[in-house]
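Student: Okay, here's the structure, questions in a sec.
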Amino acid sequence: FDRSQKPASKPVNSVKLPEYYQASFDNGLKIIGTQSTESPKIIISLNMEGGQMLETGKYPTGTASLTASLMDEGTVALTSEQFRNELDKLGSNIRFGSSATGTSVYVSCLKENLDATLKLLEGVLMTPRFDAADFKRIKKQTLEGLQSNKKDPSYMADVAYNKIIFKGTLIEEPSDGTFKSVSKIKIEDVKDYYNKFYSPNVASIVISGDISKEDALSRLEFLKKWTPKGVVIPSIGTMPKYDKVQIYLIDKPYAPQSVLTVAQDHIPYDY
């Protein structure tokens with residue numbers, strides 16, 4: 001090999017995107033899917049617009065996040081423990097999450113266990129348990145986590161970053177809330193948020209795996225029973241403008257490390 005000669009670059013191969021299909025139900029739910037026979041696994045991602053943005057001052061910050069956490073805790077027919085046991089027996093996973101701009105549901109299972117897994121998804125999505133004891137436990141864990149985060153310089157930097165970059169908008173505060181705001185959340189807030197904003201007309205599903213379009217749409221038929229609500233996604237607000245370089249210092253006494261975060265204006269925010 002002659003190291004005095006620079007190796008010639010090879011032609012760049014174009015990315016080959018998989019073929020996909022699109023469909024929708026009358027209740028507004030949008031579906032995108034693709035079939036792959038690479039493995040016997042099915043992945044489903046359900047995303048609902050809104051998240052923290054729908055709190056809009058009517059709910060304590062962190063309500064969307066706490067609602068998503070409580071959605072993982074069983075159905076009217078199954079306790080949290082029973083629900084988890086059923087998933088474990090199937091080797092399946094159903095997990096809810098929430099962010100500043102949306103709520104998501106992640107589902108994974110083997111193809112042979114899809115029907116049983118979707119039955120569990122139907123139960124937890126349509127008839128969540130919202131048990132008072134589960135709420136108390138999840139809220140306590142959330143508050144303990146927020147207290148612990150105060151010792152983390154990276155978390156403090158992220159919170160400060162959001163307050164500066166998104167100042168005056170609906171997502172200025174951390175989406176999981178603060179110790180003060182989460183302390184105010186009641187189980188009635190969680191139930192109300194779910195009843196008003198978990199809706200198919202602001203939701204979309206992506207499904208991939210060893211399953212045809214016809215089979216996928218047939219298995220997802222139960223979602224046609226999901227009643228749409230009058231959810232309106234609010235404007236996020238006007239982003240602040242910074243005409244010159246500014247430096248912000250956040251003091252954490254006796255911190256063993258420092259965190260440096262750099263930000264620059266870029267393309268307009270679009271969730």
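Student: Conditions: (1) in contact with a helix residue (DSSP H, G or I) (Cβ under 9 Å, 6 or more places away or on another chain); (2) part of a helix (DSSP H, G or I); (3) open to solvent by 50 Å² or more (accessible area, probe 1.4 Å); (4) not hydroxyl-bearing (Ser, Thr, Tyr). LEU223 meets all but one. Number of the miss?
Tutor: Status for LEU223: all satisfied but (3).
Student: Checking the conditions here, which among LYS191, LYS241, LYS252 is loosely packed, with under 15 Cβ neighbours inside 10 Å and among the basic types (Lys, Arg)?
Tutor: LYS241
Student: Filter region 168-220 for residues that are part of a loop (DSSP other than H, G, I, E, B) and without any contact (Cβ under 8 Å) to a residue 24 or more places away in the chain and give the result.
Tutor: Across region 168-220, the qualifying residues are GLU172, LYS186.
Student: Report yes if PHE135 is in contact with a Lys or Arg (Cβ under 7 Å, 6 or more places away or on another chain) and touching a residue at least 12 places away in the same chain (Cβ under 8 Å), otherwise no.
Tutor: For PHE135, the condition - in contact with a Lys or Arg (Cβ under 7 Å, 6 or more places away or on another chain) and touching a residue at least 12 places away in the same chain (Cβ under 8 Å) - is not met.
Student: Can you tell me which residue within region 1-27, out of those that are surrounded by 12 or more Cβ atoms within 10 Å (Cβ to Cβ) and in contact with a Ser or Thr (Cβ under 8 Å, 6 or more places away or on another chain), is farthest from SER92 (Cα to Cα)?
Tutor: Among those residues, the one meeting the criterion is ASN27.
Student: Hey, does region 48-60 have a residue that's among the aliphatic types (A, V, I, L, M) and touching a Phe, Trp or Tyr at 6+ places or on another chain (Cβ under 7 Å)?
Tutor: Looking through region 48-60, at least one residue is among the aliphatic types (A, V, I, L, M) and touching a Phe, Trp or Tyr at 6+ places or on another chain (Cβ under 7 Å).
For every residue, the table says whether it meets (1) more than 30 Å from VAL232 (Cβ to Cβ); (2) within 22 Å of the chain's Cα centre (by Cα).
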| site | (1), (2) |
| --- | --- |
| THR79 | yes, no |
| GLU86 | yes, no |
| GLY97 | no, yes |
| SER104 | no, yes |
| ASP115 | yes, no |
| LEU120 | yes, yes |
| PRO128 | no, yes |
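Student: Follow-up question, since we're still on this one. Between a first residue in region 44-70 that is more than 15 Å from VAL182 (Cα to Cα) and open to solvent by less than 10 Å² (accessible area, probe 1.4 Å) and a second residue that is among the aliphatic types (A, V, I, L, M) and part of a strand (DSSP E or B), which pairs have beta carbons less than 6 Å apart while being 6 or more apart in sequence or on different chains?
Tutor: ILE44/VAL107; ILE44/ILE207; LEU46/VAL105; LEU46/ILE205; MET48/ALA203
Student: Which count do you get for residues in region 119-139 that are over 14 Å from LEU66 (Cβ atoms) and charged (D, E, K, R)?
Tutor: Result for region 119-139: 3.
Student: What is the residue count in region 71-82 for residues that are of a type in the set (Ser, Thr, Tyr) and surrounded by 18 or more Cβ atoms within 10 Å (Cβ to Cβ)?
Tutor: Residues that pass the stated criteria total 2.
Student: Please report, ordered by residue number, the strands (runs of 3 or more DSSP E) entirely within region 1-82 with at least 2 residues that are charged (D, E, K, R).
Tutor: In region 1-82, the matching strands (runs of 3 or more DSSP E) lie at 41-49.
Student: Provide a single number: the residues in region 83-131 that are closer than 26 Å to THR227 by Cβ, in a strand (DSSP E or B) and either in contact (Cβ under 8 Å) with a residue 60 or more places away in the chain or open to solvent by 60 Å² or more (accessible area, probe 1.4 Å) (or both).
Tutor: The qualifying residues number 9.
Student: Here is a further query. Tell me which of these VAL231 doesn't satisfy, since it passes every other one: (1) open to solvent by 50 Å² or more (accessible area, probe 1.4 Å); (2) not in a helix (DSSP H, G or I).
Tutor: (1)
The values are calculated or read from the model by the stated rules, or taken from the named source; none is laboratory data. All values derive from a computational prediction rather than experimental measurement. Positions of Cβ are backbone-derived with ideal geometry, glycine not excepted, and every protein chain shown enters the neighbour counts. Keep in mind that these areas ignore ligands, DNA and RNA; they rest on the heavy atoms of the full protein, side chains included. Shrake-Rupley method; radii C 1.70, N 1.55, O 1.52, S 1.80 Å.
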